[in-house]
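K.L.:
Input: one structure, supplied below.
Computed from the coordinates by the stated procedures, all read-outs in this text should not be read as laboratory data. Here the structure is a predicted model, which is why all the values come from computation and not from measurement. Every residue, glycine among them, receives a Cβ derived from its backbone with ideal geometry; neighbour counts consider all protein chains shown.
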Amino acid sequence: MAVTTALGERRTVDTPAGAVEYRESGSGPPLVFVHGVGVNGDLWRAVAPPLAHEHRCIVPDLPFGAHSHPLREEADLSLPGMARIVADFMDVLGLEEVTVVANDTGGAVAQWLVGHHPERVAGLVLTSCDAFEKFPPTPQRYLEVAARSRALMWVVGWTVQFKFVQRLPTAYGWVTRRPVDPAIMRSYTTPIRTLPGVRRDLQRLLLAVDTRYTFEAAESLRSFDKPALVLWADGDKIFPRDHGKQLAELLPQGRFELVRDSRTFISEDQPDQLVAAVRGFMARE
């Protein structure tokens, strides 16, 4: 679970899929931050607090492998199901006119969300993310095999606690230019090691991976005729720059921009650039 107190007070809401923990700070037009697999709300610890001066910043720990509340056993963890969880989360909080800021697998989730559940969404900021055939990205494809075995999932959860494993391309090594703060890495990697229900959720998520969903999610962007910004890391080693350009072209009001000196986790490598981009985006809406 996220450990950054600057993100706000810890709260929990119940959705049809299960409990979702989140942190909230600030007031004003709402921003909901959607992270990817293997991380939690701590991904946004240098982005949401400065934006909370002008916005209501809501940072959930989504049930994507670094969460603290295992879901109900029948919960759908396919890409459509993941997007449904985000939509239900916003419904339970009664949010309106939300701008969604998303990264990594969360970007694929956000694509499906705005294409199929756009009712509460007023704007979209996609940062480097899964799309088209990159679901999961190439260095993490072994996880689809590991997910077929509970024993292998336990091995994945146990080994990722070690720093040398974390910096491998198959883990977190290619998503940032520099190692992530150790306390934050513990918040990402402890749940899968210590909570069998979290391992079960991640296993079910991985078993439900199917690129037909990412292609459909991208195609559905054509129907989201609202302000949208696609920010891509100029040094991304996982997601092709052309994918970002294609996503921006599919969005009727999409714009594409590069973030310099960053890899996939722009909120880690260049949080100030991301804050400035979101502020500029919100000012133009």
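K.L.:
So which trypsin sites (Lys or Arg not before Pro) in the stretch 136-179 are both in a DSSP loop and have at most 16 other Cβ atoms within 10 Å of their Cβ?
P.N.:
Counting only loop positions with at most 16 other Cβ atoms within 10 Å, the trypsin sites (Lys or Arg not before Pro) in the stretch 136-179 are Arg141, Arg148, Arg167, Arg177.
K.L.:
Can you give me the C-alpha center-to-center distance between the stretch 177-219 and the stretch 225-249, rounded to a whole angstrom?
P.N.:
Each part's Cα centre sits 21 Å from the other's.
K.L.:
Counting only C-alpha contacts under 8 Å and six or more residues apart, can you give the relative contact order of the chain as a whole percent?
P.N.:
Relative CO of the chain lands at 21 percent.
K.L.:
Using θ = phi - 60° and the Karplus relation 6.51 cos²θ - 1.76 cosθ + 1.60, list the HN-Hα couplings for the stretch 275-284 in order, rounded to whole Hz, with x at every Gly or Pro.
P.N.:
Coupling constants for the stretch 275-284: 4, 4, 5, 5, 4, x, 4, 5, 5, 7 Hz.
K.L.:
Mind grabbing the base-10 log of I(q)/I(0) for the stretch 1-92 at q = 0.13, 0.17, 0.18 Å⁻¹? Debye formula, identical points on the C-alpha positions, no solvent, two decimal places.
P.N.:
Listed by q, the Debye log ratios stand at -0.39, -0.66, -0.73.
K.L.:
Sort out for me the Cα centre separation of the stretch 35-89 from the stretch 119-141, rounded to whole Å.
P.N.:
What the calculation gives is 14 Å, centre to centre.
K.L.:
Right, next: Can you sort Cys57, Cys129 so the residue with the fewest Cβ neighbours within 10 Å comes first?
P.N.:
Result, fewest neighbours first: Cys57, Cys129.
K.L.:
For Asp130, Asp201, what's the fewest-to-most ordering of other Cβ within 10 Å of each Cβ?
P.N.:
Lowest to highest Cβ neighbour count: Asp201, Asp130.
K.L.:
Are there chymotrypsin sites (Phe, Trp or Tyr not before Pro) in the stretch 159-260 that DSSP marks as loop and that have at most 13 other Cβ atoms within 10 Å, and which are they?
P.N.:
Loop-located and lightly packed - Phe162.
K.L.:
What list do you get for Asp269, Asp210 if you sort them by fewest beta carbons within 10 Å?
P.N.:
Lowest count first: Asp210, Asp269.
K.L.:
Something else now. With r defined as the distance between the Cβ atoms of Glu219 and Ser27 and R0 fixed at 45 Å, what FRET efficiency is calculated, to the nearest 0.05?
P.N.:
So, using R0 = 45 Å, E works out to roughly 0.80.
K.L.:
For the stretch 84-194, take the convex hull of the Cα atoms, compute a quarter of its surface area, and give me that in nm², please.
P.N.:
For the Cα atoms of the stretch 84-194, the hull's average projected area reads 8.4 nm².
K.L.:
What fraction, in whole percent, of alpha-carbon pairs in the stretch 1-160 exceed 19 Å separation?
P.N.:
Across the stretch 1-160, Cα pairs with separations above 19 Å total 53 percent.
K.L.:
Express the Stokes-Einstein translational diffusion coefficient of the stretch 153-275 in µm² s⁻¹, to the nearest whole number, given a Kirkwood radius over alpha-carbon pairs, 37 °C and a viscosity of 0.692 mPa s.
P.N.:
Result for D is 199 µm²/s.
K.L.:
Hey, another quick one. First obtain the Kirkwood hydrodynamic radius of the chain from its Cα pairs, then insert it into the Stokes-Einstein equation at 10 °C and 1.306 mPa s, and state the resulting D in µm² per second as a whole number.
P.N.:
This corresponds to a translational diffusion coefficient of 87 µm²/s.
K.L.:
Gain in length, Arg260 to Arg11, computed as 0.36 nm per residue apart minus the alpha-carbon separation, to one decimal in nm?
P.N.:
In short, 86.2 nm is gained.
K.L.:
Averaging sequence separations of C-alpha pairs under 8 Å and six or more residues apart, then dividing by the length of the stretch 217-285, give the relative contact order as a whole percent.
P.N.:
33 percent
K.L.:
Quick check: residue separation of Phe162 and Asp181 times 0.36 nm, minus the Cα distance between them. What number comes out in nm?
P.N.:
Using 0.36 nm per residue and subtracting the Cα-Cα distance, I get 5.5 nm.
K.L.:
Continuing with the same structure: Please give the per residue volume of the convex hull enclosing the alpha carbon atoms of the stretch 35-82, rounded to a whole number of Å³.
P.N.:
So the per-residue Cα hull volume is 88 Å³.
K.L.:
Which percent, to the nearest 5, of DSSP beta bridges fully inside the stretch 5-284 are antiparallel?
P.N.:
About 35 percent, rounded to the nearest 5.
K.L.:
How many Å³ per residue does the convex hull of the Cα positions in the stretch 185-240 occupy?
P.N.:
162 Å³
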